[in-house]
Amino acid sequence: MFQDPRDSNISKFQVSEFILMGFPGIHTWQHWISLPLALLYLLALTANILILITIKQEATLHQPMYSFLGILAVVDMGLATTIMPKILAILWFSAKAISLPECFAQMYVIHCFVGMESGIFVCMAIDRYVAICRPLRYPSIVTESFVVKATMLMALRISLVAIPVPVLASQRHYCSQNKIEHCLCSNLGVTSLSCDDRTINSIYQVLLAWALMGSDLGLIFLYALILHSVLKLNSAEAASKALSTCTSHLILILFFYTVIVVISITHSVTMTVPLIPVLLNVLHNVIPPALNPMVYALKNKELRQGLYKVLKLDIKGN
């Protein structure tokens, strides 16, 4: 059997760049979305920088819990900065072209930051579990060394398991289309343009989500044990403080994982409105970085008071 030379030429052709089209279905007026996105990005950077300055300047906040919160702030800024400058460039200047290496690099970094954020949530859950359920052992277990080792472990874990995502995507052949109906280089969005079989990419994406996010979400159910212990506390003030801290954690965790589940469902189901999964994907990478500092500042008295000092606000009481 002879192969048609034209088929051979097509199969060897590789596009040199992708075109990020932005938000599908609203290309003509999508630039109006840039204003709220830019404000969210600015809020995320400002709020997280304030959190880092507050934690550094206030000696009372030099504790493992706030160290994890500071690491979370750095991760949040990194995640937002990975995608927002390019999205704003698309919406403001129509700078839609992105090279293949740059696209695959963005894909990898996004996976790393999202996985790192999930890992930090786990570390914070362990910190609160030991502090509330094993208070006498807390100083000996949750030390500065524990914070460093736990952070390095989470960073090493995600940096290794995320490598196959861009590697597998780069091995696909992109021979016909290069227009991505998205604002960023998502794994499924990019590989959907390939001319060959992308089953392995989809399988690994699912395995990564279940192995990483699934295991992390299971560990975060430590909060059930925490709440059970809080209900047994004799001191109403101690119970209130513990509940306030745990509530802020749970709000952020539930939002983070709920959106991931919704994005997975909308990507796997044929959507009549493809705008929904794209918009959710973008918002998931910019809303948590803006929301996290505000939730912690509102729910944590020590952090709130430290923030007042940094901002030089003369506010008394709670």
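The values are calculated or read from the model by the stated rules, or taken from the named source; none is laboratory data. A quick note: this is a predicted structure, and the numbers were derived from the prediction, not measured. Cβ placement follows ideal geometry from the backbone for every residue including glycine, while neighbour counts extend to all protein chains displayed. Heavy atoms of the whole protein, side chains included, go into the accessibility calculation; ligands, DNA and RNA do not. Shrake-Rupley method; radii C 1.70, N 1.55, O 1.52, S 1.80 Å.
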Condition check for Thr60: modelled with pLDDT of 95 or more, open to solvent by 30 Å² or more (accessible area, probe 1.4 Å), of a type in the set (S, T, N, Q) and assigned to a helix (DSSP H, G or I)
no
In region 229-249, residues that are within 30 Å of the chain's Cα centre (by Cα), at pLDDT 70 or above and open to solvent by 50 Å² or more (accessible area, probe 1.4 Å) total 3
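Here's the yes/no breakdown for (1) of a type in the set (S, T, N, Q); (2) under 20 Å from the mean Cα position of the chain (by Cα):
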| site | (1), (2) |
| --- | --- |
| Leu136 | no, no |
| Glu144 | no, no |
| Val148 | no, no |
| Ile158 | no, yes |
| Pro166 | no, yes |
| Ser176 | yes, no |
| Cys183 | no, yes |
| Ser186 | yes, yes |
Does Cys123 satisfy the criteria of being surrounded by 14 or more Cβ atoms within 10 Å (Cβ to Cβ) and not in a helix (DSSP H, G or I)?
no
Can you tell me which residue within region 214-228, out of those that are at pLDDT 75 or above and open to solvent by less than 30 Å² (accessible area, probe 1.4 Å), is farthest from Gly119 (Cα to Cα)?
Ile226
Scan Leu156, Leu193, Leu168 and give me the residue that is assigned to a loop (DSSP other than H, G, I, E, B) and either modelled with pLDDT of 90 or more or open to solvent by 20 Å² or more (accessible area, probe 1.4 Å) (or both).
Leu193
Filter region 128-141 down to the residues that are surrounded by 12 or more Cβ atoms within 10 Å (Cβ to Cβ), over 17 Å from Ile220 (Cα atoms) and either aliphatic (A, V, I, L, M) or touching a residue at least 40 places away in the same chain (Cβ under 8 Å) (or both) and list them by number.
Ile141
Could you tell me which residue of region 200-213 is nearest to the chain's Cα centre (by Cα), considering only residues that are buried (at least 18 other Cβ atoms within 10 Å of the Cβ) and closer than 18 Å to Val259 by Cα?
Met213
Identify the residue in region 171-190 that is in a helix (DSSP H, G or I) and out of contact with any Lys or Arg (no Cβ under 9 Å at 6 or more places or on another chain) and, among all such residues, is farthest from Leu91 (Cα to Cα).
Asn187
